[in-house]
Amino acid sequence: MSEYQSKSHLTNNAGVPVGDNQNSMTAGSRGPTLLQDVHLLEKLAHFNRERVPERVVHAKGAGAHGYFEVTNDITKYTKAKFLDEVGKRTPLFARFSTVAGEKGSADTVRDPRGFALKFYTEEGNYDLVGNNTPVFFLKDAIKFPDFIHTQKRNPATNMKDPNAVWDFFSLSPESLHQVTILHTDRGIPATYRHMHGYGSHTFKWTNADGESVWIKYHFRTEQGIKNLDEETGNRIAGESPDYKTGDLFESIEKGDYPAWKVYVQIMPIEDANTYRFDPFDVTKIWSHKDYPLIEVGRMVLDQNPKNYFAEVEQATFSPGTLVPGIDTSPDKMLQGRLFAYSDAHRYRVGANHEALPINRPRAQVNNYQRDGFMRFDDNGGGQPNYEPNSYEGPVEDENSKQASFEVSGMADSVSYNEHDHYTQAGDLYRMLNEEEQSRLIKNIVGSMNPVEKDEIKLRQIEHFYKADPEYGQRVADGLGLKVPEKVL
Ligand code: HEM
């Protein structure tokens, strides 16, 4: 608040009291508006600039503040300081989202849900940008823009396009596992509170002795899993499109704080060379029998944002924002994401997005990066802006280096060695009870029915059939088609 006036005074952006906020300045009561009404000009001009570009994916979302608490000693696996003591709490911000829809789209559609977390650790920010599914549709980042185009609007009709969706899926059989998950009951979580979260990719943890393991994150909802059937989801999408946004806000407002128990699966580094499939392939899950869940902690969301734009819209999460003790893996999707997110943030929010209050680390930021649009902190003051220097500027710390790793092989555009797209999708189908299977088939048939070309439907039926003959047969029956001879 200005020392010259109270909070009740309306001011312009320069802090100058405003004389009239209801009537523009005109030449006489009917005269044209005067250009010298700078308050009017400022209001209209600022309004025109109220939007930043929405996220190209995951545009519709809801966020909340909370904390993460360590409940199990896992220091033998990672040296990350925020995980180094049972009982230690780290503040965090979470954002949940749908993927394909625009910022104003409905919450209760069939879609994966984003599960993005920013931990404000003592060693700087750690972002975990996952989904509510343990796998993804693709295994190589190079296919992501094409895939997302099929989930968005047709370039000519500007409508959602089932042809494009199933054309792409049927030509990208690695999507089958996630396609199956998406059309089960879990494809429409009842709320953001009633779903699990996953880091999905493999990450590397390294302990204080430099020993590393591969890990996968699991966040298991304490509220229990609850889903909506297609009809209910569609009805709510019409009646209350912001249903999940409201549910999260209201439950926190009334003190019913959602919580998740956090676990990791841990794979010894050497196992990655001998496991029965490539463990870095994000279209596959690691067997829980081989790598059981190990408890790490608990996440609680207990505070709503005070301002949606400032805290949720401007929040920027990147899978590359990591702390010492946590590194990436050779997962080809994750590798691409290391570039994509920060690049999107610089475009969407600006080069200094990390200095905004919601993104600003609680740890001190000391570096030699300066200037740029909207540099609204002290920009490093008078400290040296180059390194090395003789003025006691900040220096690197060897202990914070990424864990080193060996690489070998020919540089080439190559796929994973292994092409079994079917076993895990089939396992999932066989795990479902009869009613769940029937709903899965109904959801798939409902989604594929509008596809114009039989060629596309038949190609996709082949994939379902290869996962499990009954699965393929039932989809074919539902679509009134025959399973193609060549897979029988
Ligand atoms: C958002 C790219 C795969 C989860 C985004 C954004 C981009 C992007 C550009 C918007 C970022 C922003 O404007 O702030 C990609 C690329 C991928 C990929 C290139 C593959 C190579 C994935 C996967 C997951 C995922 C595999 C989950 C396991 C998310 C989430 C958000 C997001 C949760 C929303 C973050 C937020 O709430 O701000 N993605 N993505 N993405 N992505 Fe991805």
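Structure summary
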read-out: Odd one out for Asn399, checked against (1) at pLDDT below 95; (2) part of a loop (DSSP other than H, G, I, E, B); value: (2)
read-out: Count of residues meeting criterion [within 19 Å of the chain's Cα centre (by Cα) and more than 21 Å from Arg55 (Cβ to Cβ)] in region 330-379; value: 2
read-out: All positions within region 148-171 that are in a loop (DSSP other than H, G, I, E, B) and in contact with a His (Cβ under 9 Å, 6 or more places away or on another chain); value: Pro155
read-out: Selected residue (only one of Pro145, Pro155 is of a type outside the set (Ser, Thr, Tyr), at pLDDT 95 or above and in contact with a helix residue (DSSP H, G or I) (Cβ under 9 Å, 6 or more places away or on another chain)); value: Pro155
read-out: Of all residues in region 217-246 being hydroxyl-bearing (Ser, Thr, Tyr) and more than 24 Å from Lys284 (Cα to Cα), the one that is surrounded by the most Cβ atoms within 10 Å (Cβ to Cβ); value: Thr245
read-out: So Leu334, is it within 15 Å of the ligand (Cβ to nearest atom), among the aliphatic types (A, V, I, L, M), within 26 Å of Gly63 (Cβ to Cβ) and not in a helix (DSSP H, G or I); value: no
read-out: Options Asp412, Asp420, Asp468: the member that is in contact (Cβ under 8 Å) with a residue 40 or more places away in the chain, within 30 Å of Asp327 (Cα to Cα) and not small (Gly, Ala, Ser); value: Asp420
read-out: Filter result (under 19 Å from the mean Cα position of the chain (by Cα) and closer than 10 Å to Thr202 by Cα) within region 274-284; value: Phe280, Asp281, Val282
read-out: Positions within region 131-168 being within 14 Å of the ligand (Cβ to nearest atom) and among the basic types (Lys, Arg), in sequence order; value: Lys139, Lys143, Lys152
read-out: Candidates Pro145, Pro189, filtered to the one that is under 19 Å from Asn443 (Cβ atoms), assigned by TED's automatic domain parsing to the domain that holds Asp271 and within 17 Å of the chain's Cα centre (by Cα); value: Pro189
read-out: Filtered residues of region 155-193 (kept if closer than 24 Å to Asp281 by Cα, touching a strand residue (DSSP E or B) at 6+ places or on another chain (Cβ under 7 Å) and among the hydroxyl-bearing types (Ser, Thr, Tyr)); value: none
read-out: From the options Ser2, Ser24, residue that is in contact with a Ser or Thr (Cβ under 8 Å, 6 or more places away or on another chain), at pLDDT below 95 and among the polar types (S, T, N, Q); value: Ser2
read-out: Residue count, region 141-172 (criterion: surrounded by 13 or more Cβ atoms within 10 Å (Cβ to Cβ) and either small (Gly, Ala, Ser) or at positive phi (or both)); value: 4
read-out: Per-region count, region 179-207, residues within 16 Å of the ligand (Cβ to nearest atom), of a type in the set (S, T, N, Q) and surrounded by fewer than 24 Cβ atoms within 10 Å (Cβ to Cβ); value: 1
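One line per residue, one yes/no per condition, for (1) closer than 22 Å to Thr283 by Cβ; (2) in a helix (DSSP H, G or I); (3) over 31 Å from the mean Cα position of the chain (by Cα):
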{"position": "Lys442", "(1), (2), (3)": "no, yes, no"}
{"position": "Pro450", "(1), (2), (3)": "no, no, no"}
{"position": "Glu455", "(1), (2), (3)": "no, yes, yes"}
{"position": "Gln473", "(1), (2), (3)": "no, yes, yes"}
{"position": "Ala476", "(1), (2), (3)": "no, yes, yes"}
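The values are calculated or read from the model by the stated rules, or taken from the named source; none is laboratory data. If you're wondering where the values come from, they're calculated on a predicted model, not measured in any experiment. As a convention, Cβ positions derive from the backbone with ideal geometry for all residues, glycine included, and neighbour counts pool all protein chains shown.
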